[in-house]
């Protein structure tokens, strides 16, 4: 793979097509866990981790099972050219959900502080469109296993970056005299909108 | 055929993953008491801290794990209170409803201003600076630290005086903590008459700085010695004394410091335009 | 032992009672916390001074674009003030238009747009600046993003065509094809894309014209000279420190120089990038906006470097020809983080309390 | 350490400002001696620490300089009668910082007779240092620069602390005030003697006197008085507020930084105010207790501003009468200087041991606080001599986030008022910080 392409994948995933600010995915945890930089850091780490693993596992599944024509016999049943790629969304959902569940249980066991900080948002990653989206985008552009994992990690990094940036802004907003009508989620959405506008400046960096 | 196989494959996948999750859940399970969550949901969720714990969830944990009485929560409704008692497995107990009372009637029309205060809109900050503009060093400063700290919006600053809306007050006691003059007290909700003055100054001194202070003329004590109690230059209603509005009307307090909670809550009304 | 004076005095007893001299009356004295004296500088004065410093740029804009410039500047200022008044009215809060901050925002916005901008886009831009970028955050002092930069970004993204339609410059550098119709930045990036020669943009003649303002562009972007005069004014009034603008300008210079060394031909030289587009205006008047820039000097340098890098990246490799306002808004978003990491330690602070200055020795 | 190790130029502390100093009102002239009053209201607790115990009762006759209150414990100083007469009532009057304080009335008999004088130590160089230290305490001397901390406690540091330098504060960086300036000009020999006594008590030799450059006469007078004493060095300092701040002064003169939360003795220094030194000299050499001090009466509304040698317990009303009253409307009455003094609402407040000035400000000089929005312009951050992030702190305190305020070192604030002076938005920063400090202290106490 030429180095240029790696640049496209990484810079593209982190800045240009930032999964939150450009693709508008994973808004729920983006708004929910961005009140404090500390929790944002934890959440960002969790997302990088989950996205990396999910991308790895799903692309393995995709390349190993779903995108190949299957030929096998079960007893008398002879199956030829079975193409299961249309089930990929279902399979991804199930696999990712199971994966996150396990991460959650392990986290609760081994790092109760992080678990307490992430609270109800870990299960949110379960059905998070950002994680699923990364897997789906990998499948769509037919990336290999390694590029898929890198893309997943970088998307997670992009998510974490946006989240931390946003959390620091919200920590500052907490000290502002925001009119009552705009407090809370509404000002968060406006801020996110302006941030997304600014990130559009990066468009065209990677073709 | 393909559909069938696909469904079969998915089912198989589900089965494997389900088994895996089940295994991890068993293997790495962490015990939590479900009652904590239940009680947290039953508590009002205002996180006022009136119970002495860091928020409702913390209090719920203390109720379940340390066996603390739920009666410390003044804000929970009676119904929820009973449910919490049941959930925590504690004996039923009676809770006395308390409300906050501001022992001062020196609004801008009654208290004399000896200086102009310019600075932070906060009673504690003003208290450190001669106590704002009013002359009385015991009375309400009127900058509303209590009102801002009330989690239930039960205190209003009207005409430079804190007024408690007792129907909204849950008796959490936050206001009594923040008041630098310590003139907000929690009293049983059924005692409706108080001497609304906090000044320990001598009568003539008080007269110079406030027209609504208790002058300790003892008119009320003479009429109803069993209901009132003079302490130096200040009269207080006795604890548990059940004083009626009629008795107040009969005593005819010369400055109006002795009054009902209702009339105190109506202080400054109708004058708002002038203020 | 004798001292030179005697303090033991026999003085007549002053009689008690009221004296005739006038004394302060009770009840008229103000109680307030120290300090009791204050500077005469206030927010309105600061805003007025900044506007005064923008005057050279305004004069150049009017000289170049005549009535178009007057129209856009007046419209933006009036609309901004209007939105601010309307907001205060609707939200029933104290009227804040008198602090002149809305007018200043309008002026900076006007200097950031094309002289041919239709009136309704001025209205929309002013809305974005005053309402969306400022007032919903709580008004002056609370906004995390520079209002004028946000408005420009919004207009650039939402209405690219009117924002990049430039008026032909009556007095411009006529013998450069295309330069009068498009901004030099657009023309240069097009030339670079077609791998044409960029020598024109590095010529002394072009750069001189860019410096004094004989090129096309947004109202305030034409003349670097006018901006520099204004910047001198800002420094003279003591309104800004040089940390941020210098960091921006130096970063742009160094970055472009490095790019030119590594892969020549993809972009004109550093001087071209400094003198064209909004770098000067942005560095001196927008990036230095008090509210949205870091408070410490170190933070200001980090912030300036960030702006410099982002603006170069967008200009050289991005699809927008100009990236100053994008860079400013992105770095605005980073300011809370910068403030978190670029703090000052208090006087006498020490990580380990074990440190004790050595005794008996004066450094 | 010898004086020849001294820096040629004093160090420059970070931050600071030079506000319009208003010293011209009272620079000229000499210290005036006001007439005797009929009544004095002597505040009983005039020192930080434990209040002394009154030992006279109503109707007792007292002589000038007679001890009328005994110290309680070590961190306490006695109190002396400002004139001869009879003791009157004890009652509450308003104190300098607003809270009511107990005061005893002394009704003058007009004779102004001294009591039995204390023993004098004109030959203090050969006097036992314990005797001198005891005299400092018996004379009721406290820090007269404003802190009013008992001086004898300051002069007896714990033995494990090694003190090598006595730093004398003659900076008088507060605008408007010239009391120390006049004291230095007229009683330079007393100050130098006081410095010598302190140095002897502390068993050190190096004395550094910092005086701001705008007091050339004072510098000259001190140099003349210190002639021949090699260990006493007068260092002219740049005119910059808060040059007289304890930590700033130590840094300027010695280059040592007192750590946050630390005391001057941590870096081997001891700071005394010139007025305190003069009082020490008076007590030791002439046997006179502290019963009067120099007070600057100034401000544009004052008809005849000047410096007065005022007896303790004199009501501000009387002092203003001596100064000819006012000639225009007054908006503020301040005890102390304009940067750190306390605004008063009453003219009945009395002069005490730490009252360095009585300042009146007219309506045109007082700008109201507005609690405007913080622009984060950074002027306060640049000017803060303690290097605090004032703009952040101010916002944090406004939102009552005292946890964040503590994280941002609000406890290091010395309330010099610079951040508030320079703020274009007119935010009452100092008041924010005072409140935050009080809250944080209360929180820590509860823990």
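The values are calculated or read from the model by the stated rules, or taken from the named source; none is laboratory data. Keep in mind the model is a prediction, meaning the values are calculated, not measured. All Cβ positions, glycine included, derive from the backbone under ideal geometry; neighbour counts span all protein chains shown.
Observations, loosely collected:
- Screening the candidates C:47, C:51, C:85 for the property of being over 30 Å from residue C:222 (Cα atoms), in a helix (DSSP H, G or I), modelled with pLDDT of 90 or more and within 24 Å of the chain's Cα centre (by Cα) yields one hit, C:85.
Quick grid of which residues meet (1) within 14 Å of chain D (Cβ to nearest Cβ); (2) assigned to a loop (DSSP other than H, G, I, E, B); (3) within 20 Å of residue C:209 (Cα to Cα):
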{"position": "C:240", "(1), (2), (3)": "yes, yes, no"}
{"position": "C:244", "(1), (2), (3)": "yes, no, no"}
{"position": "C:253", "(1), (2), (3)": "no, no, yes"}
{"position": "C:265", "(1), (2), (3)": "no, yes, no"}
{"position": "C:290", "(1), (2), (3)": "yes, yes, no"}
{"position": "C:293", "(1), (2), (3)": "yes, yes, no"}
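- Meets criteria (at pLDDT below 80 and closer than 27 Å to residue A:130 by Cβ) for residue A:31: no
- Just one of (1) buried (at least 24 other Cβ atoms within 10 Å of the Cβ); (2) in contact (Cβ under 8 Å) with a residue 24 or more places away in the chain; (3) at the interface with another protein chain (Cβ under 7 Å from one of its Cβ atoms); (4) touching a strand residue (DSSP E or B) at 6+ places or on another chain (Cβ under 8 Å) fails for residue D:346. It is (1).
- Residue within region A:124-141 that is buried (at least 18 other Cβ atoms within 10 Å of the Cβ) and within 14 Å of chain B (Cβ to nearest Cβ) present: yes
- The requirement of being over 30 Å from residue A:90 (Cα atoms), away from chain A (no Cβ under 13 Å) and surrounded by fewer than 11 Cβ atoms within 10 Å (Cβ to Cβ) is satisfied by residue B:67.
- Region A:100-118 - residue that is more than 8 Å from chain B (Cβ to nearest Cβ), closer than 15 Å to residue B:28 by Cβ and in contact with a helix residue (DSSP H, G or I) (Cβ under 7 Å, 6 or more places away or on another chain) and, of those, modelled with the lowest pLDDT: A:114
- Residue list for region A:195-207, filter: at the interface with chain C (Cβ under 7 Å from one of its Cβ atoms), over 13 Å from residue C:334 (Cβ atoms) and at pLDDT 90 or above: A:197
- Residues in region C:234-253 that are over 15 Å from residue C:286 (Cα atoms) and either free of Cβ contacts under 8 Å to residues at least 40 places away in the same chain or within 14 Å of the chain's Cα centre (by Cα) (or both): C:236, C:238, C:253.
Yes/no per residue for (1) surrounded by 15 or more Cβ atoms within 10 Å (Cβ to Cβ); (2) within 14 Å of chain D (Cβ to nearest Cβ); (3) modelled with pLDDT under 95; (4) within 17 Å of the chain's Cα centre (by Cα):
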site	(1), (2), (3), (4)
C:3	yes, yes, yes, no
C:11	no, yes, yes, no
C:16	no, yes, yes, no
C:23	yes, yes, yes, no
C:36	yes, yes, yes, no
C:61	yes, no, yes, no
C:115	yes, no, yes, no
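- Of the residues examined, residue A:43 is not one that is at pLDDT below 85, touching a helix residue (DSSP H, G or I) at 6+ places or on another chain (Cβ under 9 Å), more than 14 Å from chain B (Cβ to nearest Cβ) and loosely packed, with under 14 Cβ neighbours inside 10 Å.
- Listed by position, the strands (runs of 3 or more DSSP E) contained in region D:266-330 that have at least 3 residues being over 25 Å from residue C:20 (Cα atoms), in the same structural domain as residue D:152 (by TED's automatic domain parsing) and under 22 Å from the mean Cα position of the chain (by Cα) are D:269-273.
- Some residue of region D:417-431 being away from chain C (no Cβ under 11 Å), over 27 Å from residue C:49 (Cα atoms) and at pLDDT 90 or above: no
- Of all residues in region D:206-239 being assigned to a loop (DSSP other than H, G, I, E, B), modelled with pLDDT of 90 or more and in contact with a strand residue (DSSP E or B) (Cβ under 7 Å, 6 or more places away or on another chain), the one that is surrounded by the most Cβ atoms within 10 Å (Cβ to Cβ): D:226
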